[in-house]
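Written out below as structure tokens is the structure these notes cover.
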Amino acid sequence: MSENFKAILINQKEKDFTREVKTIDKSFLKHGDVLVKVDYSSLNYKDALILKNGARLVKEFPHIPGIDFSGKVVESENSNYKSGDEVILTGWRVGEIYYGGYSQYAKVNADFLVKKPENISTKQAMILGTAGFTALQCSFATKTAREELLLGKKVEDVIVTGASGGVGSIAVMILNKLGCNVTAVTSKESNKEYLKSIGAKNIINTADLNKEPRPLDKGLWDGAVDTVGGQILSNVLAQTKENGIVAACGNAVDIKLNTTVMPFIIRGVKLWGINSVNASTKRRQFLWNEASKLIDFEKLNQSIKTIGLEELLDIYSKMLKGETSGRYIVDLNK
Ligand SMILES: NC(=O)c1ccc[n+]([C@@H]2O[C@H](COP(=O)([O-])OP(=O)(O)OC[C@H]3O[C@@H](n4cnc5c(N)ncnc54)[C@H](OP(=O)(O)O)[C@@H]3O)[C@@H](O)[C@H]2O)c1
């Protein structure tokens, strides 16, 4: 490898945070036992928060952000990986307490990596990234957990909130592919046609669910994927039918949840929290292997923007204002 390479460094001086693309030296990478030449990373909501001010997740500065990446192993001190292996990393607090993927090289603990399935490319792996991996977890919780684990009725009508975001749009596609009638909730009128093209049957405006929830509402959904939290999640819970599973992964609207016990004790609704960060390696390998069967990358490509490190410095703040849609992937060779 070359001794010098490009990475984003975020820094804190008293209350001020800075972020810039810098040329750094290999000796800067101090964690882990596997060195990866990064092909792609991606922009997730958590990345945007970290780029703004470390999001209280980053404890030491200067720091290299980027919570996911894909690439090729170039050096390994671990017997499970050898030079040339193609790998994917999401979660495990990489990009938070360990240096992340907004860098042409990343060094991480071998236990954090999964081997990339042969039927997807490193680019496709980051088209999914943390958002896609989380959408896979949410969709399996909503659909497969109820049908197979709890031996419940077939899951047909499902709702996905924050539908034009990274997690939401991929969940729309997966649940449609799994045979569900997907209702997508979005605040962006302009994304209706796109959401239909990737598998949404119906579209609801976010404003229709952003109201004071009733303890129980008319049951409409066999299951749900919620990426936004707040009142929208409260209303989704109140509208979920008997024994439905609501997979909650996000807080783009609010971290608060104002609900009652009624959906849980009258309808047996289950609120299933999703945490992609610490998912087991076995679960990760299973879900990544499922990805190629459930994702139509050609369709998803319409909403993918490929950017370089410099462009990332502009776009993250738009994501925090809810002004972005679809996925941004970061090409480390751009
Ligand atoms: N638990 C986990 O392991 C995990 C993993 C990944 C992500 N997450 C969380 O999941 C959420 C989504 O992540 P993402 O990467 O998909 O983010 P994203 O691409 O920014 O998508 C979020 C979507 O939520 C909607 N939204 C955002 N701000 C809103 C607002 N103020 N009011 C109403 N709707 C709003 C928008 O959808 P519309 O434009 O369609 O309205 C937006 O596209 C985030 O909270 C993230 O932290 C959690």
Q) Out of the residues in the range 241-289 that are open to solvent by 60 Å² or more (accessible area, probe 1.4 Å) and of a type in the set (Phe, Trp, Tyr), which is farthest from Val94 (Cα to Cα)? A) Phe264
Q: Considering every residue within the range 170-188, establish whether at least one is at pLDDT below 95, open to solvent by 20 Å² or more (accessible area, probe 1.4 Å), within 13 Å of the ligand (Cβ to nearest atom) and of a type outside the set (Ser, Thr, Tyr).
A: yes
Q: Would you check if there is a residue in the range 28-41 being at pLDDT 95 or above and within 16 Å of the ligand (Cβ to nearest atom)?
A: yes
Q. Quick check: is even one residue across the range 204-217 within 10 Å of the ligand (Cβ to nearest atom) and either aliphatic (A, V, I, L, M) or crowded, with 24+ Cβ neighbours inside 10 Å (or both)?
A. yes
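For (1) farther than 16 Å from Arg284 by Cα; (2) free of Cβ contacts under 8 Å to residues at least 24 places away in the same chain; (3) open to solvent by 30 Å² or more (accessible area, probe 1.4 Å); (4) within 16 Å of the ligand (Cβ to nearest atom), each residue gets a yes or a no:
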site	(1), (2), (3), (4)
Ala125	no, no, no, yes
Leu136	no, no, no, yes
Lys143	yes, no, no, no
Lys153	yes, no, yes, no
Val158	yes, no, no, yes
Q.
I need the full set of residues from the range 68-99 which are of a type in the set (A, V, I, L, M, F, W, C) and touching a Phe, Trp or Tyr at 6+ places or on another chain (Cβ under 9 Å), in order please.
A. Phe69, Val73, Val74, Val87, Ile88, Leu89, Trp92, Val94
(Q) Condition first: within 9 Å of the ligand (Cβ to nearest atom), at pLDDT below 95 and surrounded by fewer than 24 Cβ atoms within 10 Å (Cβ to Cβ). Can you find one or more residues in the range 191-200 that meet it? (A) yes
Q: Specify which of the listed residues (Tyr81, Tyr105) is surrounded by fewer than 22 Cβ atoms within 10 Å (Cβ to Cβ) and aromatic (Phe, Trp, Tyr).
A: Tyr81
Q) Could we say that Ala110 is modelled with pLDDT of 95 or more and open to solvent by less than 50 Å² (accessible area, probe 1.4 Å) here? A) yes
Q) Going by the structure shown, is Ser317 within 14 Å of the ligand (Cβ to nearest atom) and closer than 16 Å to Met126 by Cα? A) no
Q) With respect to Val236, is the statement that it is outside any loop (DSSP other than H, G, I, E, B) and not acidic (Asp, Glu) true? A) yes
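The values are calculated or read from the model by the stated rules, or taken from the named source; none is laboratory data. Bear in mind the structure is a predicted one, so any value in this text is a computation, not a measurement. Every residue, glycine as well, gets a Cβ built from its backbone with ideal geometry; the counts of neighbours run over all protein chains shown. Remember, those area values only see protein heavy atoms, side chains included, never the ligands or the DNA or RNA. Shrake-Rupley method; radii C 1.70, N 1.55, O 1.52, S 1.80 Å.
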